[in-house]
Amino acid sequence: MYESRKEAPLPHASFVRRLLLHLFLALALLALSLLAGMAGYAYFEQLDWVDAFINSAMLLGGMGPVHLPVTTGGKLFAGFYALYAGLVFIATAALMFTPVMHRLLHKFHWD
C-alpha cells in the first residue's frame, strides 16, 4: 500500500486521495462502533436510541457515560464497550496519522 524508501513519494493528488481513504476508514470505524454501542445500550439498559447515542458517543469521545448502567448486563457491556472505545480512539488516531508520518519519514529519508 505504501511506497518503499527506494521509490519516489506519491504525487500530491495521490497523497490527498490516500488521506481521504484513511479518513473514510476512520469514519466508518467510528460509525460502526457508535451503532454497536447504541444497540448494546438499547438492548442491555433499555435506553431509547437518543440516550443510547449520547452514552455511546460520550464513551467513544473519552468522556464517560451519561446514564449509569443499572443492570448487570448493562454494567458488563458498558465496561467492555469503554475498553473497546479506548482502542477505537487509538486505532482512529493511527489511521489518520499513518499517511502523514509515512510521508514525513519518506521525504526526509529517515529509517
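Computed quantities for the displayed model
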read-out	value
Some residue of segment 96-108 being touching an Asp or Glu at 6+ places or on another chain (Cβ under 9 Å) and hydroxyl-bearing (Ser, Thr, Tyr)	no
From the options Leu30, Leu23, Leu59, residue that is in contact (Cβ under 8 Å) with a residue 24 or more places away in the chain, among the aliphatic types (A, V, I, L, M), closer than 30 Å to His109 by Cβ and in a helix (DSSP H, G or I)	Leu23
Pairs, first touching a residue at least 40 places away in the same chain (Cβ under 8 Å) in segment 96-107, second outside any helix (DSSP H, G or I) and among the aromatic types (Phe, Trp, Tyr), C-beta under 9 Å, six or more apart	Thr98/Tyr2; Pro99/Tyr2; His102/Tyr2; His106/Tyr2
Residue ID - surrounded by the fewest Cβ atoms within 10 Å (Cβ to Cβ), chosen from residues in segment 87-111 that are closer than 16 Å to Ala36 by Cα and either out of contact with any Gly (no Cβ under 8 Å at 6 or more places or on another chain) or at pLDDT 95 or above (or both)	Leu87
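Yes or no, residue by residue, for (1) surrounded by 13 or more Cβ atoms within 10 Å (Cβ to Cβ); (2) of a type outside the set (Ser, Thr, Tyr); (3) closer than 20 Å to Ile90 by Cβ:
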residue	(1), (2), (3)
Val16	no, yes, no
Ala52	yes, yes, no
Gly64	no, yes, yes
Thr71	no, no, no
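Table: residues versus (1) more than 18 Å from the chain's Cα centre (by Cα); (2) of a type in the set (D, E, K, R); (3) modelled with pLDDT of 95 or more; (4) within 15 Å of His67 (Cα to Cα).
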site: Pro11; (1), (2), (3), (4): yes, no, no, no
site: Ser14; (1), (2), (3), (4): yes, no, no, no
site: Arg18; (1), (2), (3), (4): no, yes, no, no
site: Leu25; (1), (2), (3), (4): no, no, yes, no
site: Leu30; (1), (2), (3), (4): no, no, yes, no
site: Gly40; (1), (2), (3), (4): no, no, yes, yes
site: Phe44; (1), (2), (3), (4): yes, no, yes, yes
site: Leu47; (1), (2), (3), (4): yes, no, yes, yes
site: Asp51; (1), (2), (3), (4): yes, yes, yes, yes
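The values are calculated or read from the model by the stated rules, or taken from the named source; none is laboratory data. Given the structure is predicted, the values throughout are model-derived calculations rather than measurements. Virtual Cβ from ideal backbone geometry, glycine too; neighbours counted across all protein chains shown.
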